[in-house]
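Here the structure is laid out as C-alpha cells; the discussion comes afterwards.
Please treat every number below as a calculation from the coordinates, not as lab data. Remember, predicted model here, so these are calculated numbers, not experimental data. No Cβ is skipped: glycine too gets one built from the backbone with ideal geometry, and neighbour counts run over all protein chains shown.
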Amino acid sequence: MLAQATIQILREQSALFDRAVTFRGRPRERLVALSEAEEIFFRLHRYHYRALQVIRTAAELAKSGAEGRVVLRRCETHMTGLLTGVILEAVREGDLTLVGPRSAEELAFTLWALAFGTRALMDTMVATALLGITDGFRLACDAADVLLDALGWQPLASEWDYEQTRQHIRQELFAEEWRRASAA
C-alpha cells in the first residue's frame, strides 16, 4: 500500500494540473500550463516524483487493487484526462489537426512519456556526463515545441513567444510554488 504522504503528494500534483487548465489562453498555452504544473511539482517534490515513477511502474506490474493504487489510478486518470481534454479542445478550435490514425490519447501518451522520461534521465550519469545535458527542463520544453510544431499545432513556436507564456503562467498560477522552489 502506498504511504499516506505519497498519496497526499499525488493529490497535490493533481491539484496543480487542475489549476493549470484554468489558464486563460489558447489550447497550446494551456498545454504549456500543464507542462509548468508538472515541472513545478518535480522541482518541489523531486524525491516523491521519482518514487511515484517507481510506484507507477510497480503498480502496473503488480496490478494490485490496494487503496493507494486506486488513488494512483484515479489521479493519473484525472491528469491524463485533463491533458487529453486540452488536445481535443485544440482539435475542436482548429488549432490542431490529427492526421490519419493519430488520436488525442496517443498524443497525450507521447507528451506524458516525454516528461516522464526526461525527469527519469535528467540527473543520471548518461544525461549529465556522457551527453552533457545540463538543463533537462529546457530540453523537455524545446522537444515538446518541436513535436507540436511538427504536428502543426497553432500557433507555432516561430509565431508565438511560449517562453513569455511560461513566465506569465508562473506568475499568474504558480507564483507561490516558484517562490518555494527558488528558495530550496
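A few remarks follow.
- The calculated FRET efficiency for residue 50 paired with residue 99, based on their beta-carbon distance and R0 = 35 Å, is about 0.45.
- Distance between modelled label sites at residue 183 and residue 160, nm, 7 Å Cα→Cβ extension: 3.3 nm
- For the stretch 139-168 versus the stretch 5-21, the gap between their alpha-carbon centres in whole angstrom: 24 Å
- For q = 0.21, 0.26, 0.32 Å⁻¹, Debye-computed log10 I/I(0) when each Cα of the stretch 110-163 counts as one equal scatterer: -0.78, -0.98, -1.19
- Working note: 222 nm ellipticity from helices only, DSSP H runs with n ≥ 4, each -39,500 (n - 2.57), summed and divided by the residues of the chain, gives -24000 deg cm²/dmol to the nearest 500.
- Local net charge near residue 86, Cβ-Cβ under 15 Å (Lys/Arg +1, Asp/Glu -1): -3
- Between helix 67-93 and the chain there is an angle of about 0 degrees, using the helix long axis and the longest principal axis of the Cα atoms.
- Estimated FRET transfer efficiency when R0 is 45 angstrom, pair residue 120-residue 91 (beta carbons, to 0.05): 0.95
- Crossing angle, helix 104-121 versus the chain [Cα axis fit, 0-90 degrees, rounded to tens]: 60 degrees
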